[in-house]
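To start, the structure under review is shown below, and the notes come after it.
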Amino acid sequence: MDLKVLPVDRRPIGVFDSGLGGLTVARAIAEALPYESIYYVGDTHRCPYGVRTEDEVRAYTLQAGNWLVERGVKIIVIACNTATASALKDAQRVFQVPVIGVIAPGARAAVHTTRTRRVGVLATNLTIRSGAYTRAIHSIDAGVEVYGCPASAFVEVVEDALASGDRLNQDWHSDEGVFMTPAVRALAGQILQPLEGNDIDTVVLGCTHFPLLAAPIREALGEGVRVVSSAEETTLELTETLRRREQLAGSDALPRHRFATTSEDLASFAVAGSFIFGKPLRSIEHIELGELERLQP
Ligand code: DGL
């Protein structure tokens, strides 16, 4: 009998974010592709990206991408909307491995969900300013009305709460309740107010930090508005890309996840990261900024 042996590729999937938020995407990947290894880079020291210039974000993203390529990843997922908006095209041109962003998948999730064809986009100030979501949504359905809502203030809330380690569930199961504080609920009401009265039925979380704030965001938007994020849709695109390229790890592979951060405080990264990733981050390394800066392509 002729048993065809399928090719396998055990190299890790590179995942990059400005900080901890991209772990929401890494978690979705680890859950959907349990045999794959992940190499995650969080540029926590230079986070937030959403209030920086496009040039800065492009440079940082290419540095991190290069770092991952040097470590032999087979594909890169830019698990940060801000970095996707500023640097996806450049990264795709520069790197030999495929690069996937989160904006096209997020746009797809929104377009497939909306019935009123009126969609709100909640993202960092830089992502909104770039117009990347509007372009991505219109490339699928030019008739959808898009309402951008700049919300960089949410990123600080998430990074600060996670850095303090306060109220994090020690069972490593991220619990939306952690962010249901009076201050965050009030901030959500204030930030989301411009979206009111536009007959929006779908809001896309255009920042990978925001799924952690899904509970206060849903509460502020009220019933009847569906909240979608790009994590699952990005994972589908990643799976399909690896499958067609015959680069899946194979079902007898033992996954090994590694995490790297520019933060000096590895202990806080471990606590907050484990909370978001849903299980302990066992292998965490520090990256010196100087090391990244030397990797500018
Ligand atoms: N997680 C990033 C994103 O998806 C934004 C956070 C930041 O401002 O650095 O846009």
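Can you tell me the dipole magnitude for the range 4-137 around its Cα centre, using point charges on the Cβ only (Lys, Arg +1; Asp, Glu -1), in Debye to the nearest 20?
Details: 17 positive and 10 negative charges, 107 e Å.
In debye, rounded to 20, the range 4-137 gives about 520.
Give me the one-decimal Kirkwood hydrodynamic radius in Å for the range 142-297, with the sum taken over alpha-carbon pairs. Kindly include the intermediate steps, with their values, before the conclusion.
Details: mean 1/r = 0.0546 Å⁻¹.
Final number for the Kirkwood radius of the range 142-297 is 18.3 Å.
Tell me the Kirkwood radius of the chain: reciprocal of the mean inverse pair distance over distinct alpha-carbon atoms, in Å.
Working: mean 1/r = 0.0519 Å⁻¹.
This gives a value of 19.3 Å.
Here the ratio of the Cα radius of gyration of the range 20-96 to 2.2 N^0.38 Å is 1.08. Short-range pairs are left out: with C-alpha atoms under 8 Å and at least six residues apart, the relative contact order of the chain is 29 percent. Which residue, Ile103, Ile287, Ile128, tops the fluctuation ranking in a GNM of the chain built on C-alpha contacts under 10 Å? Looking only at Ile103, Ile287, Ile128, the largest GNM fluctuation is found for Ile287. Close amide H pairs (under 5 Å, H built 1.01 Å from N) link Ile75 with Gly14, residues at least 5 positions away or on another chain.
Just by accessible area at a 1.4 angstrom probe, what is the order of Thr234, Thr44, Thr134 from largest to smallest? Each step should come with its number before you reach the end.
Details: Thr234 0, Thr44 35, Thr134 55 Å².
From most accessible down to least: Thr134, Thr44, Thr234.
Shape annotation for the range 81-158: C-alpha extents along the principal axes are 41, 31, 18 Å, from largest to smallest. Think of the chain as a dipole: +1 on every Lys or Arg Cβ, -1 on every Asp or Glu Cβ, centred on the Cα centre; then among Ala136, Thr208, Val97, Val97 lies furthest on the positive end.
The values are calculated or read from the model by the stated rules, or taken from the named source; none is laboratory data. Owing to the predicted nature of the structure, the values given are computational and were not obtained by experimental measurement. Cβ coordinates were reconstructed from backbone atoms using ideal geometry, including for glycine residues, and neighbour counts include every protein chain displayed. The area values use the complete protein model at the heavy-atom level, side chains included, leaving out ligands, DNA and RNA. Shrake-Rupley method; radii C 1.70, N 1.55, O 1.52, S 1.80 Å.
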